[in-house]
Amino acid sequence: MLIDTHAHLNFKAFENNLIDVAKRCENYPMSVINVGAQFETSRKAVEITKYKNFYASLGLHPIHVFDEDFILEDYQKLISKKVVAIGETGLDYFHSPKSEENNKAITQSVVAKQVEIFEAHIKLAKNNNLPLILHGRNSNDDFTLQTVYFDMCKILDSHNYYNGVFHCFSGSQMEAKTIIDNGMYIGFTGIITYPNAENLRDIVKYVSIDRILIETDSPYLAPQKYRGESNEPIYVLEVAKEIAKIKDLSLEEVIEATYENAKKLFNLNTKS
Ligand SMILES: [Zn+2]
(Lines give C-alpha, C1' and ligand atoms only; values in the text may rest on other atoms or scores of the structure.)
Protein backbone atom coordinates (compact mmCIF):
# COMPACT_ATOMS: atom_id res chain seq x y z
CA MET A 1 0.00 0.00 0.00
CA LEU A 2 1.13 3.54 -0.71
CA ILE A 3 1.97 5.51 2.45
CA ASP A 4 2.71 9.16 3.08
CA THR A 5 4.65 9.00 6.37
CA HIS A 6 4.64 12.75 6.99
CA ALA A 7 1.72 15.05 6.21
CA HIS A 8 -0.03 17.91 7.98
CA LEU A 9 -3.69 17.56 7.05
CA ASN A 10 -4.13 18.57 10.69
CA PHE A 11 -2.92 22.11 9.82
CA LYS A 12 -5.10 25.16 9.16
CA ALA A 13 -4.14 25.04 5.46
CA PHE A 14 -6.58 22.11 5.08
CA GLU A 15 -9.39 23.66 7.09
CA ASN A 16 -11.60 24.10 4.04
CA ASN A 17 -10.80 21.03 1.96
CA LEU A 18 -9.85 18.37 4.52
CA ILE A 19 -12.82 16.16 3.66
CA ASP A 20 -12.01 16.20 -0.08
CA VAL A 21 -8.32 15.54 0.46
CA ALA A 22 -9.01 12.76 3.00
CA LYS A 23 -11.52 11.14 0.63
CA ARG A 24 -8.94 11.12 -2.17
CA CYS A 25 -6.59 9.24 0.20
CA GLU A 26 -9.30 6.78 1.23
CA ASN A 27 -10.33 6.13 -2.35
CA TYR A 28 -6.83 5.59 -3.73
CA PRO A 29 -6.42 3.79 -1.19
CA MET A 30 -3.38 4.92 0.80
CA SER A 31 -2.17 5.40 4.38
CA VAL A 32 -1.23 8.76 5.89
CA ILE A 33 0.58 9.76 9.08
CA ASN A 34 -0.40 13.28 10.13
CA VAL A 35 2.24 14.91 12.27
CA GLY A 36 1.64 17.40 15.07
CA ALA A 37 3.78 20.51 15.47
CA GLN A 38 2.04 22.01 18.51
CA PHE A 39 -0.44 20.68 21.06
CA GLU A 40 -3.49 21.79 19.09
CA THR A 41 -2.28 20.29 15.79
CA SER A 42 -1.32 17.11 17.65
CA ARG A 43 -4.86 16.91 19.00
CA LYS A 44 -6.24 17.52 15.51
CA ALA A 45 -3.98 14.78 14.08
CA VAL A 46 -5.58 12.33 16.51
CA GLU A 47 -9.08 13.60 15.68
CA ILE A 48 -8.64 12.90 11.96
CA THR A 49 -7.53 9.32 12.54
CA LYS A 50 -11.27 8.73 12.06
CA TYR A 51 -10.41 8.52 8.34
CA LYS A 52 -9.43 5.13 7.04
CA ASN A 53 -5.70 4.31 7.33
CA PHE A 54 -4.93 7.68 8.92
CA TYR A 55 -2.46 7.67 11.82
CA ALA A 56 -1.11 10.40 14.08
CA SER A 57 2.18 11.57 15.55
CA LEU A 58 2.32 13.92 18.56
CA GLY A 59 4.86 16.64 19.18
CA LEU A 60 6.00 20.21 19.62
CA HIS A 61 8.19 21.27 16.68
CA PRO A 62 11.57 22.83 17.61
CA ILE A 63 10.55 26.12 15.98
CA HIS A 64 7.61 26.34 18.40
CA VAL A 65 9.40 25.66 21.69
CA PHE A 66 9.02 29.29 22.77
CA ASP A 67 5.36 29.56 21.72
CA GLU A 68 3.95 27.15 24.30
CA ASP A 69 4.97 24.71 26.99
CA PHE A 70 5.49 21.03 26.27
CA ILE A 71 3.35 19.38 28.93
CA LEU A 72 4.21 15.73 28.80
CA GLU A 73 1.11 14.61 30.73
CA ASP A 74 -1.18 16.37 28.25
CA TYR A 75 0.49 14.68 25.29
CA GLN A 76 0.38 11.37 27.14
CA LYS A 77 -3.40 11.72 27.41
CA LEU A 78 -3.65 12.02 23.61
CA ILE A 79 -2.00 8.64 23.05
CA SER A 80 -4.38 6.19 21.43
CA LYS A 81 -4.10 3.10 19.28
CA LYS A 82 -3.68 5.14 16.11
CA VAL A 83 -0.89 7.29 17.51
CA VAL A 84 2.14 5.66 15.91
CA ALA A 85 4.98 8.08 16.68
CA ILE A 86 6.23 11.02 18.73
CA GLY A 87 7.29 14.18 16.90
CA GLU A 88 8.04 16.13 15.02
CA THR A 89 10.88 16.95 17.36
CA GLY A 90 14.56 17.70 17.08
CA LEU A 91 16.73 20.74 16.43
CA ASP A 92 16.34 23.63 13.99
CA TYR A 93 19.30 25.97 13.47
CA PHE A 94 17.61 27.68 10.52
CA HIS A 95 14.48 29.37 11.84
CA SER A 96 14.81 31.76 14.72
CA PRO A 97 11.98 31.25 17.17
CA LYS A 98 8.96 33.46 16.48
CA SER A 99 9.24 35.19 19.84
CA GLU A 100 12.75 36.28 18.91
CA GLU A 101 11.93 37.39 15.36
CA ASN A 102 14.06 40.53 15.66
CA ASN A 103 17.03 38.57 16.81
CA LYS A 104 17.92 36.40 13.79
CA ALA A 105 20.73 34.55 15.54
CA ILE A 106 20.11 31.09 16.94
CA THR A 107 21.60 31.62 20.35
CA GLN A 108 22.92 29.05 22.79
CA SER A 109 19.84 29.52 24.93
CA VAL A 110 17.58 28.79 21.95
CA VAL A 111 19.47 25.58 21.24
CA ALA A 112 19.43 24.65 24.95
CA LYS A 113 15.65 25.02 25.01
CA GLN A 114 15.27 22.90 21.85
CA VAL A 115 17.48 20.20 23.40
CA GLU A 116 15.41 20.20 26.60
CA ILE A 117 12.15 19.77 24.66
CA PHE A 118 13.70 17.17 22.36
CA GLU A 119 14.75 15.14 25.41
CA ALA A 120 11.23 15.34 26.82
CA HIS A 121 9.95 13.88 23.53
CA ILE A 122 12.46 11.03 23.76
CA LYS A 123 11.14 10.28 27.24
CA LEU A 124 7.53 10.28 25.99
CA ALA A 125 8.48 8.01 23.09
CA LYS A 126 10.35 5.62 25.37
CA ASN A 127 7.50 5.49 27.90
CA ASN A 128 5.10 4.46 25.13
CA ASN A 129 7.51 2.38 23.10
CA LEU A 130 6.95 4.59 20.04
CA PRO A 131 9.41 5.71 17.35
CA LEU A 132 10.39 9.35 16.85
CA ILE A 133 9.68 11.54 13.83
CA LEU A 134 12.74 13.76 13.76
CA HIS A 135 13.21 17.21 12.29
CA GLY A 136 16.69 18.59 11.80
CA ARG A 137 17.67 21.67 9.88
CA ASN A 138 21.06 23.34 9.54
CA SER A 139 21.66 27.05 9.48
CA ASN A 140 22.37 28.40 5.99
CA ASP A 141 25.22 30.67 6.87
CA ASP A 142 26.68 29.74 10.25
CA PHE A 143 29.12 26.92 9.68
CA THR A 144 29.45 26.23 13.39
CA LEU A 145 25.81 25.14 13.16
CA GLN A 146 26.14 22.74 10.21
CA THR A 147 26.05 19.73 12.47
CA VAL A 148 22.38 19.27 13.21
CA TYR A 149 22.08 15.55 12.36
CA PHE A 150 25.22 14.64 14.33
CA ASP A 151 24.05 16.75 17.27
CA MET A 152 20.70 14.95 17.24
CA CYS A 153 22.36 11.54 17.01
CA LYS A 154 24.50 12.41 20.04
CA ILE A 155 21.37 13.19 22.04
CA LEU A 156 19.64 9.99 20.90
CA ASP A 157 22.80 8.11 21.80
CA SER A 158 22.89 9.56 25.32
CA HIS A 159 19.35 8.24 25.79
CA ASN A 160 20.16 4.97 24.06
CA TYR A 161 17.12 5.48 21.84
CA TYR A 162 17.86 5.06 18.16
CA ASN A 163 14.28 4.53 17.07
CA GLY A 164 12.74 6.65 14.36
CA VAL A 165 13.00 8.51 11.09
CA PHE A 166 14.87 11.66 10.12
CA HIS A 167 12.14 13.26 8.06
CA CYS A 168 12.77 15.51 5.03
CA PHE A 169 16.43 14.64 5.04
CA SER A 170 18.77 17.22 3.52
CA GLY A 171 22.16 16.29 4.93
CA SER A 172 25.36 14.76 3.65
CA GLN A 173 26.28 11.17 2.88
CA MET A 174 28.27 10.96 6.14
CA GLU A 175 25.19 12.04 8.08
CA ALA A 176 22.99 9.57 6.20
CA LYS A 177 25.49 6.83 7.00
CA THR A 178 25.45 7.66 10.73
CA ILE A 179 21.66 7.51 10.75
CA ILE A 180 21.34 4.21 8.94
CA ASP A 181 24.26 2.61 10.79
CA ASN A 182 22.26 3.26 13.95
CA GLY A 183 19.29 1.40 12.52
CA MET A 184 17.15 4.42 11.80
CA TYR A 185 15.25 5.51 8.70
CA ILE A 186 15.53 8.44 6.31
CA GLY A 187 12.47 10.24 4.91
CA PHE A 188 12.51 11.85 1.47
CA THR A 189 10.03 14.46 0.22
CA GLY A 190 9.20 16.00 -3.15
CA ILE A 191 12.44 17.99 -2.88
CA ILE A 192 14.15 15.05 -4.61
CA THR A 193 12.15 15.90 -7.76
CA TYR A 194 13.48 19.47 -7.95
CA PRO A 195 15.94 20.19 -10.78
CA ASN A 196 18.62 21.56 -8.43
CA ALA A 197 18.46 18.63 -5.97
CA GLU A 198 21.26 16.62 -7.60
CA ASN A 199 23.11 16.18 -4.27
CA LEU A 200 20.02 14.84 -2.56
CA ARG A 201 19.38 12.40 -5.43
CA ASP A 202 22.91 11.09 -4.83
CA ILE A 203 21.91 10.43 -1.20
CA VAL A 204 18.80 8.57 -2.39
CA LYS A 205 21.08 6.44 -4.54
CA TYR A 206 23.38 5.80 -1.58
CA VAL A 207 20.73 4.84 1.00
CA SER A 208 19.48 1.27 0.66
CA ILE A 209 15.76 0.96 -0.13
CA ASP A 210 15.09 -0.87 3.15
CA ARG A 211 15.99 2.32 5.08
CA ILE A 212 13.84 4.78 3.09
CA LEU A 213 10.45 6.26 3.92
CA ILE A 214 8.49 8.47 1.53
CA GLU A 215 6.57 11.56 2.56
CA THR A 216 5.03 14.78 1.25
CA ASP A 217 5.23 17.19 4.23
CA SER A 218 1.89 18.53 2.87
CA PRO A 219 0.89 21.32 2.50
CA TYR A 220 4.55 22.24 1.90
CA LEU A 221 7.09 21.03 -0.66
CA ALA A 222 4.84 20.01 -3.59
CA PRO A 223 6.83 17.86 -6.04
CA GLN A 224 8.11 19.50 -9.23
CA LYS A 225 5.06 18.44 -11.26
CA TYR A 226 2.74 20.35 -8.89
CA ARG A 227 5.19 22.98 -7.71
CA GLY A 228 3.54 26.16 -6.46
CA GLU A 229 0.34 24.30 -5.56
CA SER A 230 -0.69 23.07 -2.14
CA ASN A 231 0.81 19.63 -1.62
CA GLU A 232 -1.35 16.65 -0.62
CA PRO A 233 -0.63 13.02 0.34
CA ILE A 234 -1.51 11.49 -3.03
CA TYR A 235 1.45 13.39 -4.58
CA VAL A 236 3.78 11.11 -2.61
CA LEU A 237 3.53 9.00 -5.76
CA GLU A 238 5.88 11.51 -7.42
CA VAL A 239 8.45 10.87 -4.67
CA ALA A 240 8.10 7.11 -5.18
CA LYS A 241 8.47 7.53 -8.97
CA GLU A 242 11.67 9.56 -8.55
CA ILE A 243 13.16 6.96 -6.19
CA ALA A 244 12.24 4.22 -8.67
CA LYS A 245 14.04 6.14 -11.42
CA ILE A 246 17.14 6.82 -9.30
CA LYS A 247 17.41 3.26 -7.99
CA ASP A 248 16.32 1.54 -11.20
CA LEU A 249 13.39 -0.20 -9.48
CA SER A 250 9.76 -0.44 -10.55
CA LEU A 251 7.26 1.96 -8.99
CA GLU A 252 5.52 -1.03 -7.38
CA GLU A 253 8.76 -2.20 -5.78
CA VAL A 254 9.32 1.24 -4.23
CA ILE A 255 5.74 1.49 -2.96
CA GLU A 256 5.94 -2.02 -1.51
CA ALA A 257 9.36 -1.60 0.12
CA THR A 258 8.64 1.81 1.66
CA TYR A 259 5.35 0.51 3.04
CA GLU A 260 7.10 -2.48 4.60
CA ASN A 261 9.62 -0.09 6.20
CA ALA A 262 6.84 2.10 7.60
CA LYS A 263 4.93 -0.93 8.83
CA LYS A 264 7.98 -2.12 10.70
CA LEU A 265 8.97 1.24 12.18
CA PHE A 266 5.47 2.35 13.17
CA ASN A 267 4.13 -1.13 14.01
CA LEU A 268 1.20 -0.52 11.70
CA ASN A 269 -0.01 -4.13 11.73
CA THR A 270 -0.99 -3.72 15.38
CA LYS A 271 -2.57 -0.30 14.90
CA SER A 272 -5.40 -0.64 12.41
ZN1 LIG B 1 6.54 18.50 8.88
Given 13 as the ceiling on other Cβ atoms within 10 Å, longest exposed-site-free region of the chain for GluC sites (Glu not before Pro) in DSSP loops: 102-228
Identify which of Lys177, Lys44, Lys77 has the largest mean-square fluctuation in a Gaussian network model of the chain, with springs joining Cα atoms closer than 10 Å. Lys77
Rounded to whole Hz and in sequence order, give me ³J(HN,Hα) for segment 203-213 from the Karplus expression 6.51 cos²θ - 1.76 cosθ + 1.60, θ = phi - 60°, writing x for Gly and Pro. 5, 4, 5, 6, 7, 5, 4, 7, 10, 9, 10
quick shape note, segment 2-270: Cα extents on principal axes in Å, largest first -> 46, 38, 36
Starting from the Cα of Ser208, step 7 Å toward the Cβ, then list every residue of segment 245-269 with an amide N under 19 Å from that point. 246-250, 253-266
The chain: calculated mean residue ellipticity at 222 nm from DSSP helix runs of at least 4, using -39500 (n - 2.57): -11500 deg cm²/dmol
Once amide H atoms are built 1.01 Å from N in the peptide plane, which residues 5 or more positions from Tyr185, or in another chain, come under 5 Å H to H? Gly164, Val165, Phe166
Which whole-Hz ³J(HN,Hα) couplings does segment 75-87 yield from phi under the Karplus relation 6.51 cos²θ - 1.76 cosθ + 1.60, θ = phi - 60°, glycine and proline marked x? 5, 4, 5, 7, 4, 9, 4, 8, 8, 10, 7, 10, x
Mind checking the per residue accessible area of the chain for me, 1.4 Å probe, whole number of Å²? 44
Whole-angstrom gap from segment 220-272 to segment 145-171, using each part's C-alpha centre: 22
For Tyr206, Tyr93, what's the largest-to-smallest order of accessible area, 1.4 Å probe? Tyr206, Tyr93
To the nearest 0.05, the calculated FRET efficiency linking Asn267 and Lys154 through their beta-carbon distance, R0 being 22 Å, is 0.25
Fraction of accessible area attributable to carbon and sulfur, segment 1-71 (%, probe 1.4 Å): 50
Heavy atoms of the protein only, probe of 1.4 Å, neighbouring chains included. What is the accessible area of Thr144 in Å², nearest 10? 110
Once phi is turned into θ = phi - 60°, what whole-Hz ³J(HN,Hα) does the Karplus curve with 6.51, -1.76 and 1.60 give for every residue of segment 156-163, x standing for Gly and Pro? 4, 4, 5, 9, 6, 9, 8, 8
Two pseudo-spin positions, 7 Å from Cα along C-beta at Met174 and at Glu15, lie apart in nanometres by 4.5
Going 7 Å from the Cα of Phe66 in the Cα-to-Cβ direction, what parts of segment 131-148 have a backbone nitrogen less than 15 Å from that spot? none
Could you let me know the centre-to-centre spacing of segment 46-94 and segment 183-205, using Cα atoms, in angstrom? 25
Accessible area of Phe39 in the full protein assembly, 1.4 Å probe (Å², nearest 10): 60
Where is the GNM fluctuation largest for the chain (alpha-carbon springs, 10 angstrom cutoff): Asp181, Asp210, Asp202? Asp181
So who's got an amide H within less than 5 Å of the one on Gly87, skipping anything under 5 residues away but keeping other chains? H placed 1.01 Å off N, in plane. Leu58, Gly59, Ile133
Given H placed 1.01 Å from N in the peptide plane, which residues other than close sequence neighbours of Tyr161 have an amide H under 5 Å from its amide H? none
Rounded to the nearest 10 Å², the 1.4 Å probe accessible area of Ser172 is 50
Counted charge near Asn10, where neighbours are those whose Cβ lies closer than 11 Å (Asp, Glu -1; Lys, Arg +1): 0
Using label points projected 7 Å from each Cα along Cα→Cβ, tell me how many nm separate Lys241 and Lys113, to one decimal. 4.3
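The values are calculated or read from the model by the stated rules, or taken from the named source; none is laboratory data. Every value quoted in this text rests on a predicted model; they were computed, and no experiment measured them. As a convention, Cβ positions derive from the backbone with ideal geometry for all residues, glycine included, and neighbour counts pool all protein chains shown. For the accessible areas, the whole protein counts, side chains as well, though only heavy atoms, and no ligand, DNA or RNA atoms are used. Shrake-Rupley method; radii C 1.70, N 1.55, O 1.52, S 1.80 Å.
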